[in-house]
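Heads up, the thing below is written out as C-alpha cells.
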Amino acid sequence: MHLIRYNEIVAERVGMMIVEAPYVAEHRKAGQFIILIIDEFGERVPFTIADADSKEGTITIYYQIVGKSTDKLSTLKAGDFIKDIAGPLGHATEIKKYGTVLCIGGGIGMAPLYPIAEAMKSAGNRLLGVLGSRNSSLLILEDPFKKICDEFLLFTDDGSAGEKGFVTHGLEQFSSGGKIDLVVAIGPVPMMKAVSDMTKVTGIPTLVSLNSIMVDGTGMCGGCRVTVGGKTLFTCVDGPEFDAHEVDFDELMMRHKTYRKEEAESHELHRHKCRLDGMI
C-alpha cells in the first residue's frame with residue numbers, strides 16, 4: 001500500500017498526486033514511468049514520473065481525468081492509499097551535454113517533459129522551452145519551466161496565455177535563431193508528428209515519448225506495439241522514447257482511434273497540419 005501525501009486538481013481535468021513509493025523514488029530516472037493500480041478492483045494504468053524525492057520516498061504524477069480510473073483517482077485524498085505501484089519502468093532518457101536542447105510540451109505532455117528538461121539543464125545544456133495548450137486553463141508547470149529554461153515560449157490556441165498559436169510556431173522561432181542540437185517533444189500524437197515532420201526537413205535529431213495504449217507495462221500483452229524504423233517495437237520495454245523520424249505516427253494514430261473519439265484526434269491533426277502546410 002502506498003500513502004497519498006497530496007492530491008489536488010491543478011488544471012482543467014488535470015490532477016497532481018504525491019504518493020509514497022520509496023523504491024521508485026530512489027531508482028527512477030528522467031523519462032521512466034510507473035504502472036499504478038488504485039485498489040483490488042482497479043485496472044493497470046501507466047503514469048510518467050514527473051518528479052521524485054528520494055529523501056521523502058515520494059514520487060509525483062500528473063493525470064488527466066479521461067476515464068473511470070483517473071476519475072476515481074481524482075476523488076482520493078491525502079491519507080488515502082494506492083494499492084500497487086510498479087516501477088520504475090521503461091528506458092531512461094539519455095542525458096548528456098548535447099549543446100542546445102529544445103524541449104517542446106503539449107497538454108499533459110508537459111508533465112513527463114519537465115524531469116527531462118531539468119536533467120538536460122543539469123547536464124550543462126543550453127535549454128530552450130516551448131509549451132502549448134488549447135487554453136490557459138489546461139496549462140501546468142509553466143513557472144517551473146520558466147525557471148530552468150534559458151529561453152521560453154508559451155502558446156495557446158486561443159491566445160488566453162502567452163502567444164496565440166501552436167508549439168510549431170515556437171519551433172520555427174527557435175530554429176531560425178540558431179543551431180539546435182536536439183529536440184525533445186512530448187504531447188498529443190498529432191503534435192509530435194507535426195514537430196517531427198518539421199525537424200526531419202531541417203535535420204534536427206528529435207526524440208518523442210509515446211503514449212501508446214498500455215496494459216501490463218512489461219512487454220507481455222503487446223498492446224503498446226508501435227512501428228519504428230519499419231520494425232515492431234513495444235513502447236513499455238523498448239521505449240517510451242524513440243527517434244521521432246523513425247516512428248510511424250499514422251499507424252499510431254489509427255491505433256489510438258480504437259479507444260478514443262475519432263473527431264478529437266482528427267481535429268488535433270488538422271490544426272497542426274494546417275500550420276505545417278504553411279511551413280514546408
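In whole percent, what relative contact order does region 2-88 give with Cα contacts below 8 Å and a gap of six or more residues?
For region 2-88, the relative contact order is 41 percent.
For the residues Tyr62, Tyr23, what sequence is obtained by ranking on other C-beta atoms within 10 Å, fewest first?
Sorted ascending by nearby Cβ count, the order is Tyr23, Tyr62.
With springs only between Cα atoms under 10 Å, which of Ser212, Ser133, Ser69 fluctuates most in a Gaussian network model of the chain?
Ranking Ser212, Ser133, Ser69 by mean-square fluctuation puts Ser69 first.
Where does the charge balance sit around Thr206 when Lys and Arg score +1, Asp and Glu -1, over other residues with C-beta under 14 Å from its C-beta?
With Lys, Arg at +1 and Asp, Glu at -1, the net is -4.
State to the nearest 20 debye the size of the charge dipole of the chain about its Cα centre, where the only charges are +1 on K and R beta carbons and -1 on D and E beta carbons.
Dipole magnitude for the chain comes out near 220 debye.
Could you tell me the largest-minus-smallest coordinate of the C-alpha atoms of the chain on each of the three principal axes, in descending order and whole angstroms?
The principal-axis extents, from largest down, are 51, 38, 35 Å.
Just rank Phe41, Phe174, fewest to most, by other beta-carbon atoms within 10 angstrom.
Phe41, Phe174
Under 5 Å between amide H atoms, partner at least 5 residues away or on a different chain: which partners does Ser212 have, H built in plane at 1.01 Å?
The list, which skips near neighbours in sequence, is empty: none.
Restricting the count to DSSP beta bridges whose residues both fall in the chain, what percent are antiparallel, rounded to a multiple of 5?
Counting only bridges with both partners in the chain, antiparallel ones make up about 60 percent.
Kirkwood hydrodynamic radius of region 1-107 from all distinct Cα pairs, in Å?
14.5 Å
Which links in Lys96/Lys257; Lys55/Lys77; Lys55/Lys193; Lys121/Lys200; Lys29/Lys179; Lys68/Lys200 stretch past 30 Å when you go from one Cα to the other?
Where the Cα-Cα span goes over 30 Å, the pairs concerned are Lys96/Lys257; Lys55/Lys193; Lys68/Lys200.
Which whole DSSP H helices in the chain pass both tests: a Cα extent of 15 Å or more along the axis and a mean Kyte-Doolittle value no lower than -0.5?
Taking the DSSP H segments of the chain (at least 15 Å long, mean hydropathy at least -0.5), we get 110-122, 189-202.
In what order do Ile140, Ile4, Ile59 fall by count of nearby beta-carbon atoms within 10 Å, going from fewest to most?
Ile4, Ile140, Ile59
At 222 nm, what value in deg cm²/dmol follows for the chain if DSSP H runs of at least 4 each add -39500 (n - 2.57) and the sum is divided by all its residues, to the nearest 500?
After summing the helix terms and dividing by residue count, I get -9000 deg cm²/dmol.
Kirkwood hydrodynamic radius, region 1-53, all distinct C-alpha pairs: what's the number in Å?
12.2 Å
Can you give the three extents of the C-alpha atoms in region 114-266 along their principal axes, from longest to shortest, in whole Å?
41, 35, 29
Just so you know, all these numbers are worked out from the coordinates, no wet-lab data involved. Note that the structure is predicted; figures quoted are calculated from it, not measured. Cβ atoms come from the backbone with ideal geometry, glycine included; neighbour counts cover every protein chain shown.
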